1. Report relative contact order for the range 92-152 in percent, whole number only (criteria: Cα-Cα under 8 Å, sequence separation at least 6).
2. Over every pair of different alpha-carbon atoms in the chain, take the mean of 1/r and invert it; report that Kirkwood radius in Å.
3. Spelling out what I want: for every residue of the range 26-40, take phi, set θ = phi - 60°, compute 6.51 cos²θ - 1.76 cosθ + 1.60 (Karplus), and round to whole Hz; glycine and proline get x.
4. Amide H to amide H, which residues 5 or more places from residue 134 or on other chains are under 5 Å from it, using H placed in the peptide plane?
5. Of the cross-linked pairs 50/141; 50/130; 18/74, which ones have a Cα-Cα span greater than 29 Å in the structure shown?
6. Tell me, what does the Kirkwood hydrodynamic radius of the range 92-152 come to in angstroms if you use every pair of distinct C-alpha atoms?
7. Would you please name the chymotrypsin sites (Phe, Trp or Tyr not before Pro) within the range 11-83 that are DSSP coil residues with at most 16 other C-beta atoms within 10 Å of their C-beta?
8. List the aspartates and glutamates whose Cα sits under 20 Å from the Cα of residue 9, skipping any in the same chain fewer than 8 residues away.
Amino acid sequence: MEHRIDQIKKQLHAQSYKLTPQREATVRVLLEREEDHLSAEDIYLLVKEKAPEIGLATVYRTLELLSELKIVDKINFGDGVSRYDLRKEGAEHFHHHLVCIECGSVEEIEEDLLGDVEKIVQRDWGFQVKDHRLTFHGICKQCQEGSVQLKK
Ligand SMILES: [Zn+2]
Ligand SMILES: [Zn+2]
């Protein structure tokens, strides 16, 4: 955890930003809930537990800054809610997601499956790919097996 905080601090410094206590509280929530895909409001409520004086606008601004710096990725799973997802350490590309249309669970694929696709895009369209998003919508293993887990 401290190591990740340190790394994020360095990423901010490299762009002449400081890891203020408010930003740090936000980053800690993102690290603690790394498996989740939280909305700005979810994050705000969790940050507030650590830093009661923090406002929603500050949390929003921090999340916007972190996405600009590619420390977090903003994602929308089609429900109209923007969610924030910490980029994996050292990852050049945003990880892929498997979203279950029955129970709403979200699984992550860290391995980059799109390397070859990117090459084709660059070759045939002359487009320089910097990043991509890949979300599969379908039915997870648990739901296929019939043991539906209720989403919290
Ligand atoms: Zn994710
Ligand atoms: Zn499911």
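1. 45 percent
2. With all distinct Cα pairs of the chain included, I get 17.1 Å.
3. 5, 4, 4, 4, 4, 5, 5, 10, 4, 6, 8, 10, 8, 7, 4
4. 97
5. Distance filter (> 29 Å) returns 50/141; 50/130.
6. 13.3 Å
7. Hits after loop and neighbour filter: 17, 77.
8. Counting by Cα, and skipping residues close in sequence, residue 9 has these aspartates and glutamates nearby: 24, 32, 34, 64, 68, 73, 85, 89, 92.
Every number in this text was worked out from the coordinates using simple rules, so none of it is lab data. Just so it is clear, the structure is predicted and the values come from calculations on it, not from any experiment. Positions of Cβ are generated from backbone atoms using ideal geometry, with glycine treated the same way; all protein chains shown enter the neighbour counts.
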